[in-house]
Structure formats: structure tokens, C-alpha cells
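The values are calculated or read from the model by the stated rules, or taken from the named source; none is laboratory data. What you are looking at is a predicted structure, and each value in this text was computed from that prediction instead of being measured. As a convention, Cβ positions derive from the backbone with ideal geometry for all residues, glycine included, and neighbour counts pool all protein chains shown.
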Amino acid sequence: MKKITPIFRIFDEDKAKEFYVDFLEFRMDWEHRYEDDLPLYMQVSSGDCEIHLSGHHGDCTPGSAIRVEVEDIQSLHAKLIAKKYKHARPGLEDMEVSVIDPFGNRITFFERKDA
């Protein structure tokens, strides 16, 4: 098996971009629509982490959760806090930082503890 690509349900394209691109600093890789008036399906990424965001009913369930391994969780935490994003001020607990997107999806960033 190889990597997985989670899909998160979104309901507002601008809020999704504000959260994933502006706040988390993911890169927007591509966008797709079957027609101009149909829902957006897009990919955002940061390093090796890729997430698909879908406005299509039935693609996924709001309120999903994923865990993303990172290096230097303390720097990530400091960077997110410094942004003073009005919808999220995540804490750092047990080498984990959890954020919830505007649609109820949770991303927990963690740094692997040495055994």
C-alpha cells in the first residue's frame, strides 16, 4: 500500500481557502468543477500531506478527523498562534496541536515521541 488522501466535506469555498491556505499555509494544488454552477472539489497540500476538499454531497461526512505527523510541533504551534486567527487558537498538549476547520473536521498535528 501507499499513502492515503483524506477527503473533507466543505460548505463554503472562501472559508475553506481562508482556513487551509491562509491559516494553515497549505498550497492549493488544483480545483475541479464539472460545470461552473456545481460544487468545488480541490486539493490542498503541505509537504507530503495532501487533503481533498469537496463540496459534493455524499463524498464524505462533516466532522471527520485525521492525524498528520510533523517535525517540530512547537514551531508549528507558535506559527499558528502568532497568526491570531479569529476562529482558532490551538493549544499544544502532549506534542499535539488540534485544529477544527469551519466545517467540523479535525486535524491533529503531532510529533512522534521517541520510545
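Quick notes
- From the list 28, 42, the lone residue that is at pLDDT 95 or above, assigned to a strand (DSSP E or B) and in contact with a Leu (Cβ under 6 Å, 6 or more places away or on another chain) is 42.
- Near pairs, Cβ below 7 angstrom, 6+ apart or cross-chain, from segment 38-56 (under 22 Å from residue 76 (Cβ atoms) and without any contact (Cβ under 8 Å) to a residue 40 or more places away in the chain) to any residue that is among the basic types (Lys, Arg) and assigned to a strand (DSSP E or B): 44/27; 45/27; 46/27
- Filtered residues of segment 76-115 (kept if touching a Pro at 6+ places or on another chain (Cβ under 6 Å) and assigned to a loop (DSSP other than H, G, I, E, B)): 103, 104
- Residue 15 falls short on exactly one of the conditions (1) under 17 Å from residue 102 (Cα atoms); (2) of a type in the set (Lys, Arg); (3) touching a strand residue (DSSP E or B) at 6+ places or on another chain (Cβ under 7 Å), and that condition is (3).
- Set 69, 50, 93, 35: member being modelled with pLDDT of 95 or more and loosely packed, with under 14 Cβ neighbours inside 10 Å: 69
- Residue 61 vs. criteria assigned to a loop (DSSP other than H, G, I, E, B), of a type in the set (Val, Ile, Thr) and in contact with a strand residue (DSSP E or B) (Cβ under 7 Å, 6 or more places away or on another chain): yes
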